[in-house]
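Asker: Take a look at the following structure, please.
The values are calculated or read from the model by the stated rules, or taken from the named source; none is laboratory data. Quick caveat: nothing in here was measured; it's all calculated off a predicted structure. Reconstructed Cβ throughout: ideal geometry from the backbone, glycine too, with neighbour counts over all protein chains shown. Areas reflect the complete protein model, heavy atoms only, side chains present, ligands, DNA and RNA absent. Shrake-Rupley method; radii C 1.70, N 1.55, O 1.52, S 1.80 Å.
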Number of protein chains: 2
Amino acid sequence: MFREYKSFIKLQELAKNPVDLTKEGFLSSERIHEMKLEICGWKMLYGTERIDNEVLENLIKLSEEARVFLKMKDMQDMKVMNFVSNCKSEERMVGHTAIRAQSISSNMSKEAKEAYEESQVELKKLEEFVSKTSEFKHMVVCGIGGSYLGALAISKALKGLHKTNRTLHFASNVDPDKIATILEEIDLSKTIVAVISKSGGTMEIKAQEQMLKNRFLEKGLNPKDHFVMVTGKGSPMDNPLLYREIFYMWDFIGGRYSVSSMVGGVPIAFICGFDVWSEFLKGASDMDTHALHEKDVKKNMPLMGALLGIWNRNFLNLNTLCIVPYSSSLDLWAGHIQQLYMESNGKRVSQDSGKFIDFSTCPIIFGTCGTEGQHSYFQAIHQGTVTVPLEYIGFFNPQHNTDQEIEGTLNQEKLLSNLFAQAISLARGQSSENPNQYFPGNRPSRMLLTNTLSAYAMGSLLSYYENIAAFQGFIWGINSFDQEGVQLGKLIANKIVEEYKSHRITKKFGADKSLDVEIAFMKELEDLSTKDRHENSKFA
Amino acid sequence: MFREYKSFIKLQELAKNPVDLTKEGFLSSERIHEMKLEICGWKMLYGTERIDNEVLENLIKLSEEARVFLKMKDMQDMKVMNFVSNCKSEERMVGHTAIRAQSISSNMSKEAKEAYEESQVELKKLEEFVSKTSEFKHMVVCGIGGSYLGALAISKALKGLHKTNRTLHFASNVDPDKIATILEEIDLSKTIVAVISKSGGTMEIKAQEQMLKNRFLEKGLNPKDHFVMVTGKGSPMDNPLLYREIFYMWDFIGGRYSVSSMVGGVPIAFICGFDVWSEFLKGASDMDTHALHEKDVKKNMPLMGALLGIWNRNFLNLNTLCIVPYSSSLDLWAGHIQQLYMESNGKRVSQDSGKFIDFSTCPIIFGTCGTEGQHSYFQAIHQGTVTVPLEYIGFFNPQHNTDQEIEGTLNQEKLLSNLFAQAISLARGQSSENPNQYFPGNRPSRMLLTNTLSAYAMGSLLSYYENIAAFQGFIWGINSFDQEGVQLGKLIANKIVEEYKSHRITKKFGADKSLDVEIAFMKELEDLSTKDRHENSKFA
């Protein structure tokens, strides 16, 4: 469908000759002040994107042809949006917006109301849990993928709001070194372990949980007093005999969209308090409401973000996106958005037909915080041969109240000067007699700015990105809510685990012909176990 | 030159029809066992790359036509390799291999010998410094870009070798929140601050240092007792009145190649001890020697890495590279390689002619550790529309001795099973009746394996990547050792800082027409300072 929209054809035409940001006088204060929108305390400035009014009008038409508001309404109403026609697929509702709604409104669907009410029960449990666990100092979250990355990134982002003397750790990897280093930093008698697994059946989580339980038992501590569970009702891990508390999530919450559920709630309310968590949800919900109800596309922040992304991806043919927050607290943020976008929209099947699509979907997402990135890979962004669009995030105030005036400016002002300078230099470039000092410019970017990195700002920022993922999926006509692409690796990994299991008993490798490549890798590694590191280093 | 090599033309021809990894039986145990090399305790397995013997032979010819061993010899001999002909350029020697040499050898150049001897002086100072600072518990490194990222990634990688009760922090950002959060975690009376700035003139570093000094003074502590400096001899910060110790670096050490100098030495020897640091340097030096002297290209690990990268970049036209270590200790490693590759080879000017090149150079580098990535963006790598080559890193043993057998296998074995499974599933793909469960496969990758993540292994791994950057630069014919691309942003940032300075005094924005865009951004941000977050949220 996407390629057949009238606006698609027109945009392809326009993309042959996009505006030139390097043209003398083109980037002006008027353009910066005009190309902006504002909501939930955030401003988006997009004068440094390679668009003009005609492109913008056609992007708006594209959103109309793709009927994005109807689909957003269906999603927020919890219709079954996680499906692929003519294929066996998950066939689930999508409920991450419903569970963070701030109240029941008259135009909410029955399903959304039910999800809202169920989530209120969990929130009450959470509030009580936080008030009853004041003697604990540490929390270890046992979760992988969507069950930790958002909560990790957001808890780090809210560092300035952490309760003092509490620490939060994420056992996000079956790697035994991961748990070993966490154990060095905590006192088990003052530790809560939050195990997170929607299905209750993930190999890595069970292994990590067992490893941790063994350590509690060795210390004479009863795991039941220390372990809480976040899982689906009725999952194999939904067992009140084993956990001091069980929080529920639902199959209508996909892992990467689960931060607003107890997956984020348990760790973030533990480290920041329940009030901060409530503020976060309010920010997210306000942005959800805005995404659905602001029908003036030019004022709708997530929809504009989605359309600008599609312009860069499908019409300017740029296959990466770099996300650069100018705040060291947000240093893991690009990692969460990498997961959110790439797992949601790294797809190749049409949701409506179940057939392969013939256009590009999600770009490769990467990024680190500024100014760090500037002194690192930005060389390639300025003068390399791949054009990378960017999205900056900046704050008027730092989180902490400890900034100082040094050499005539606050350090925050120095930080922001760098942010603005990157947007300008990447857009304008620089001509030079010296080819080595030539900057081609014309690198598109946009900028998100707000007053300070509060819980509310963080919630609305999360929702901005989640709703972009959804809007882009609607426009591309793909299912943004499943993740079939992770299955094949799991299947093969389980076979290799079985090989290792029998190898531990027989001390021999198996002879299954269908696993010859798997066993070849195992043998090559095993061979290293007996080697001195230098024996093959003949020149050393 | 690159495009005119005979082998280039031939490789372009071969790239029209590269091997198909998805073909029934193509990926076999024979192929895995055959396509490998081994050095310094590392194995590289590259049977999952899209190459055959003919491609390999022509890649070897490419390395011959580009005379990479001559250039590597020139580099290690410290000839002036940091230059661009017919352009004003840095005109410097490149000395990061010389300073980590293990002894003086007869075939070393005079310049390399001198650099070696100078580095031995600093190493002696470092050994003494470490032995004399046993009462200190914390180190804060004040450095940006190349002055912190490698040291951060490597010190994290060697977590299992840290001295207990010591902590290491990196004030790598002028962001005041960065220093605020570090200060919450340390006792200043037991803290060493290592300020790192080769030029001694970086705005951010001076601001960070001043902020930290003020905090020591507030506590009645004399900064001189706590601050050490790593800088160039004669730089503005080379002042023994202000520092308890000054370590030197030289203009022949570029920031991103500086880990082996005191930039890495001071923090890593502080946290792991001097012996660990020496082992690290030995690993790096052994790999340097191998890179230069192993003339059988198929056995030369960095050169093979460089050639496989160029095959994927310039002939298969893949413009990204994902680096995935299966070790949570290496979770920042891809970030360092992102800096190393993209800052070294994100270029567009021929070193020999000073003219623009007409081919692609460094791809976009990203990555996180496994299994984390698998549960996140790997969806897009398996089923998305961008083909991403990968490089995996794996270890037979974990660093810590605390692994357990759970459900019949060690957790390390579960981790490695996932590693092998990704390489296989991405190469082979999976056919399916259900388009949503179809995996196109043919995703090329290679794998680096060793026994354990020791200091020696880490040193040789660093050198592997550094020598890849150099070899690729030689083949592309670009200067891998300057970074002109970071200058324009600095220039504009300084102008905005000046605007902020006068704004602090006059409370007004300037009227300089040439800065109208800069001031437009400042105004848009300032406008947010007085806004309540909800006032513009009409639907909330």
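Asker: What pairs come up if the first residue lies in the range B:415-429 and is more than 7 Å from chain A (Cβ to nearest Cβ), the second is among the basic types (Lys, Arg), and their beta carbons are under 6 Å apart, counting only those six or more places apart or on different chains?
Answerer: So the pair list comes out as B:LEU426/B:ARG443.
Asker: Within the range B:298-320, work out how many residues are open to solvent by less than 10 Å² (accessible area, probe 1.4 Å) and assigned to a helix (DSSP H, G or I).
Answerer: Result for the range B:298-320: 11.
Asker: Mind checking whether some residue in the range B:151-168 is surrounded by 21 or more Cβ atoms within 10 Å (Cβ to Cβ), in a loop (DSSP other than H, G, I, E, B) and over 21 Å from the mean Cα position of the chain (by Cα)?
Answerer: no
Asker: Which number in (1) closer than 24 Å to A:GLN487 by Cβ; (2) part of a helix (DSSP H, G or I); (3) touching a Pro at 6+ places or on another chain (Cβ under 7 Å) marks the one condition that A:GLY146 misses?
Answerer: (3)
Asker: Something else: Step by step: first the residues of the range B:403-444, then only those that are touching an Asp or Glu at 6+ places or on another chain (Cβ under 8 Å) and under 18 Å from B:THR385 (Cα atoms), then the one that is surrounded by the most Cβ atoms within 10 Å (Cβ to Cβ). Which residue is that?
Answerer: Result: B:PRO444.
Asker: Got a sec? Which of B:ASN451, B:ASN494 is open to solvent by 10 Å² or more (accessible area, probe 1.4 Å), touching a residue at least 60 places away in the same chain (Cβ under 8 Å), more than 7 Å from chain A (Cβ to nearest Cβ) and over 18 Å from the mean Cα position of the chain (by Cα)?
Answerer: Exactly one of B:ASN451, B:ASN494 is open to solvent by 10 Å² or more (accessible area, probe 1.4 Å), touching a residue at least 60 places away in the same chain (Cβ under 8 Å), more than 7 Å from chain A (Cβ to nearest Cβ) and over 18 Å from the mean Cα position of the chain (by Cα), namely B:ASN494.
Asker: State the number of residues belonging to the range A:465-491 that are assigned to a helix (DSSP H, G or I), surrounded by 24 or more Cβ atoms within 10 Å (Cβ to Cβ) and among the hydroxyl-bearing types (Ser, Thr, Tyr).
Answerer: So the count comes out to 0.
Asker: Give the number of residues within the range A:250-271 that are out of contact with any Phe, Trp or Tyr (no Cβ under 8 Å at 6 or more places or on another chain) and open to solvent by 10 Å² or more (accessible area, probe 1.4 Å).
Answerer: Final tally of qualifying residues: 4.
Asker: Going through B:GLU245, B:GLU185 one at a time, which residue ends up being open to solvent by 10 Å² or more (accessible area, probe 1.4 Å) and within 14 Å of another protein chain (Cβ to nearest Cβ)?
Answerer: Criteria check complete, one pass: B:GLU185.
Asker: Does B:GLU343 meet the test of being in a helix (DSSP H, G or I), open to solvent by 20 Å² or more (accessible area, probe 1.4 Å), within 7 Å of chain A (Cβ to nearest Cβ) and modelled with pLDDT of 95 or more? Please lay out each step first, then the result.
Answerer: On the way: in a helix (DSSP H, G or I): yes; open to solvent by 20 Å² or more (accessible area, probe 1.4 Å): no; within 7 Å of chain A (Cβ to nearest Cβ): yes; modelled with pLDDT of 95 or more: yes.
No: the conditions fail for B:GLU343.
Asker: Just the residues that are over 26 Å from the mean Cα position of the chain (by Cα), in contact (Cβ under 8 Å) with a residue 24 or more places away in the chain and open to solvent by 10 Å² or more (accessible area, probe 1.4 Å), please, taken from the range A:20-57.
Answerer: Passing the criteria: A:ASP20, A:THR22, A:ASP52, A:GLU54.
Asker: Looking only at the range B:428-455, which residues are assigned to a loop (DSSP other than H, G, I, E, B) and within 21 Å of B:GLY305 (Cα to Cα)? Spell out the reasoning first.
Answerer: Here is the first cut: in the range B:428-455, the ones assigned to a loop (DSSP other than H, G, I, E, B) are B:429, B:431-434, B:438, B:440-444, B:451-454.
Across the range B:428-455, the qualifying residues are B:ASN442, B:ARG443, B:PRO444, B:ASN451, B:THR452, B:LEU453.
Asker: With a cut-off of at least 2 residues that are more than 30 Å from B:ALA455 (Cβ to Cβ) and of a type outside the set (D, E, K, R), name the helices (runs of 4 or more DSSP H) lying wholly within the range B:169-261.
Answerer: Fully inside the range B:169-261 and qualifying: B:176-183, B:203-218.
Asker: Hey, does the range B:89-102 have a residue that's closer than 17 Å to B:GLN351 by Cβ, of a type in the set (D, E, K, R) and either buried (at least 16 other Cβ atoms within 10 Å of the Cβ) or at pLDDT below 95 (or both)?
Answerer: Yes, that holds for at least one residue.
Asker: Kindly indicate which of A:LYS113, A:LYS16, A:LYS10 is over 23 Å from the mean Cα position of the chain (by Cα), farther than 25 Å from A:LYS298 by Cα and either at pLDDT 95 or above or open to solvent by less than 20 Å² (accessible area, probe 1.4 Å) (or both).
Answerer: A:LYS113
Asker: Here's another thing I want to ask about it. With the structure loaded, tell me whether B:LEU461 is more than 9 Å from every other protein chain (Cβ to nearest Cβ), closer than 27 Å to B:GLY265 by Cβ, modelled with pLDDT of 95 or more and part of a helix (DSSP H, G or I) or whether it fails that test.
Answerer: Judged against the criteria, B:LEU461 is a match.
Asker: Let me ask you something else. So which residues in the range A:364-398 are surrounded by fewer than 22 Cβ atoms within 10 Å (Cβ to Cβ), at the interface with chain B (Cβ under 7 Å from one of its Cβ atoms) and either over 15 Å from A:ALA427 (Cα atoms) or hydroxyl-bearing (Ser, Thr, Tyr) (or both), if there are any at all? Don't jump to the end; show me each part of the working.
Answerer: Just the residues of the range A:364-398 that are surrounded by fewer than 22 Cβ atoms within 10 Å (Cβ to Cβ), to begin with: A:385-387, A:396-397.
Restricting the remaining residues to those that are at the interface with chain B (Cβ under 7 Å from one of its Cβ atoms) gives A:385-386, A:396.
A:THR385, A:PHE396, listed by residue number.
Asker: Please enumerate the residues belonging to the range A:30-87 that are within 14 Å of another protein chain (Cβ to nearest Cβ) and on the phi > 0 side of the Ramachandran plot.
Answerer: Answer for the range A:30-87, where residues must be within 14 Å of another protein chain (Cβ to nearest Cβ) and on the phi > 0 side of the Ramachandran plot: A:CYS40, A:GLY41, A:ASN86.
Asker: Let me ask something additional. List pairs: first in the range B:430-443 and farther than 15 Å from B:GLN379 by Cα and facing another protein chain (nearest Cβ under 7 Å), second in a loop (DSSP other than H, G, I, E, B) and among the hydrophobic types (A, V, I, L, M, F, W, C), Cβ under 9 Å, 6+ apart or cross-chain?
Answerer: B:ASN434/A:VAL84; B:ASN434/A:CYS87
Asker: Sticking with this structure for a sec: List the pairs whose first member sits in the range B:286-299 and is farther than 19 Å from B:GLU57 by Cα, whose second member is part of a helix (DSSP H, G or I) and of a type in the set (A, V, I, L, M), and whose Cβ atoms are under 7 Å apart, counting only residues at least 6 apart or on separate chains?
Answerer: So the pair list comes out as B:HIS290/B:MET301; B:LEU292/B:MET72.
Asker: Scan the range B:399-414 for residues that are of a type outside the set (D, E, K, R), closer than 17 Å to B:THR452 by Cβ and facing another protein chain (nearest Cβ under 7 Å) and jot them down.
Answerer: Selection gives B:GLN399, B:HIS400, B:THR402, B:ASN411, B:GLN412.
Asker: Check B:PHE136, B:PHE129 and return the single one that is under 15 Å from B:VAL266 (Cβ atoms), open to solvent by less than 20 Å² (accessible area, probe 1.4 Å) and not in a helix (DSSP H, G or I).
Answerer: Residue meeting the stated conditions: B:PHE136.
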